[in-house]
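Below: the structure, in structure tokens.
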Amino acid sequence: MRVLVTGAAGFIGSHLCEALLAQGHVVVGADNFDPYYDRSVKEHNLRGARAVPGFRFVEADLRDAEAARRLMGEGFDAVAHLAGRGGVRRSILEPRAYAELNYLATLNLLEALRERGPRRLVFASTSSIYGSRNEVPFREDDATDRPVSPYAATKKACEALCHAYHHLHGLDVYALRFFTVYGPRQRPDMAIHTFVRKMEAGEPIERYGDGSAERDYTYVDDIVRGVVRALERVRGYEIINVGGASTTPLRRLVALLERLLGRRAEIIERPPQPGDVPRTAADVSKAARLLDFAPRVGLEEGLERFIAWYRKERTS
């Protein structure tokens with residue numbers, strides 16, 4: 001396949017590019033280097049893909065409709081649309097940026113697909129769409145009409161827009177709802193990365209709430225495997241959970257990190273943050289059926305891998 005990966009310089013996007021290249025696919029990566037975090041981190045993420053002859057990088061901002069049209073003019077078999085602004089808490093402070101970077105960029109990409117092809121799209125959605133649910137696990141047919149953050153709302157809007165373009169223009173779209181992805185190259189503002197960095201430095205960590213909040217942590221290799229399968233199989237329109245299929249309370253996550261790092265965490269307790277949800281939990285039976293997906297990397301193994309990567313990066 002010849003695949004376009006948007007958000008190629010990001011955490012998941014850079015891993016996806018490398019996985020596709022390892023399978024012999026031709027990959028064009030696109031990214032606008034949004035200043036959510038330092039550009040040098042994203043340039044570093046791209047080093048592995050740039051070293052492979054089948055990869056080419058294009059700096060492009062999908063908020064520019066003409067830039068999206070130019071990208072599609074290159075001719076692809078499928079598109080993995082991972083570009084966008086993540087982060088629940090920051091979306092409350094900068095809702096307009098999220099509307100532009102997530103919704104407007106996706107609209108421009110869909111218009112370019114309608115005009116120039118290809119007809120196959122895999123869209124990176126999020127478990128945040130499920131909102132503050134008590135019933136677990138989360139299923140794709142659960143109601144998702146009450147998002148609790150602008151970030152979740154923009155991703156929900158993108159899913160609806162993708163369905164409209166499937167219905168009107170025959171695009172094949174799989175919207176994959178990712179559940180708390182972690183692993184090497186994770187965004188530096190995310191909990192696991194922040195905790196490891198501060199605990200290694202002997203600094204206190206902030207815990208929002210009483211530690212009972214539960215997350216379905218999913219190792220990046222599992223996510224990437226799901227995306228690759230989706231690119232190969234996308235047909236029609238489907239929403240599919242891609243997650244670790246088990247939940248971990250925040251207090252247990254911290255205890256695991258203490259044991260693996262060999263350090264005691266100094267915890268500063270903070271009130272729960274607006275927009276955060278009490279739990280996430282993925283029902284991945286649909287992913288198993290459509291993508292032959294099953295998570296392979298458990299949380300403890302994944303944390304060991306992340307810590308090894310972090311320590312290597314810190315000393316290199």
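Coordinate-derived values only; no laboratory data. Nothing here was measured: the structure is a model prediction, and the numbers come from that model. Please note: Cβ atoms are built from the backbone with ideal geometry, for glycine as well, and neighbour counts cover all protein chains shown.
What the phi angles of segment 77-94 give under the Karplus curve with 6.51, -1.76 and 1.60, with θ = phi - 60°, is a coupling list of 8, 7, 10, 9, 9, 9, 5, x, 9, x, x, 4, 5, 5, 5, 5, 7, 10 Hz, glycine and proline written as x. For segment 185-249, what D do you get in µm² per second when you plug the Kirkwood radius from alpha-carbon pairs into Stokes-Einstein at 25 °C and 0.890 mPa s? The calculation lands on 169 µm²/s.
Among all lysine pairs in the chain that are eight or more places apart or on different chains, how many have alpha carbons less than 24 angstrom apart? The partial results should precede the final answer.
On the way: K42/K155; K42/K198; K42/K312; K155/K286; K156/K286; K198/K312.
The number of close lysine pairs in the chain is 6.
In sequence order, segment 174-185 has phi-based couplings of 10, 9, 9, 8, 7, 10, 5, 7, 9, x, x, 6 Hz under the Karplus curve 6.51 cos²θ - 1.76 cosθ + 1.60, θ = phi - 60°, and Gly or Pro positions carry x.
For segment 22-94, what does the relative contact order come out to in percent, with C-alpha contacts under 8 Å and a separation of six or more?
On the way: 40 pairs, mean separation 24.0, N = 73.
33 percent.
Based on DSSP H segments of at least four residues, each scored -39500 (n - 2.57), the chain has a per-residue ellipticity at 222 nm of -12500 deg cm²/dmol. Kirkwood-type hydrodynamic radius, segment 95-253: 17.2 Å, calculated from all non-identical alpha-carbon pairs. Put simply, the amide H of I240, placed in the peptide plane, has neighbours under 5 Å in A175, L176, R177, leaving out anything fewer than 5 places away on its chain.
Based on DSSP, what percent of beta bridges with both residues in segment 172-316 are antiparallel, to the nearest 5? If you can, show how the numbers build up before the last one.
Numbers: 2 of 15 bridges.
So the antiparallel bridges amount to about 15 percent of the total.
Each Lys or Arg adds one and each Asp or Glu subtracts one; over the other residues with Cβ under 14 Å from the Cβ of H169, this totals +1.
Using mean Cβ contacts within 10 Å as the protection proxy, how do 257-266, 37-46 order, highest first?
Packing proxy ranking, top to bottom: 37-46, 257-266.
Just so you know, the Rg over Rh for segment 110-197 is 1.05, from Cα atoms, with Rh as the Kirkwood radius. Can you give me the C-alpha center-to-center distance between segment 141-179 and segment 238-316, rounded to a whole angstrom? So the two Cα centres are separated by 24 Å.
Using alpha-carbon pairs under 8 Å, 6+ residues apart, how would you state the relative contact order of the chain in percent? Intermediate results must be reported in sequence, preceding the final value.
Values: 615 pairs, mean separation 56.9, N = 316.
It rounds to 18 percent for the chain.
Among A282, A22, A30, whose mean-square fluctuation peaks in a Gaussian network model of the chain (Cα, cutoff 10 Å)? Taking springs between Cα atoms under 10 Å, the residue moving most is A22. Put one equal scatterer on each alpha carbon of the chain, apply the Debye formula with no solvent term, and list log10 I(q)/I(0) at q = 0.11, 0.15, 0.16 1/Å to two decimals. For the chain at q = 0.11, 0.15, 0.16 Å⁻¹, log10 I(q)/I(0) is -0.65, -1.27, -1.45.
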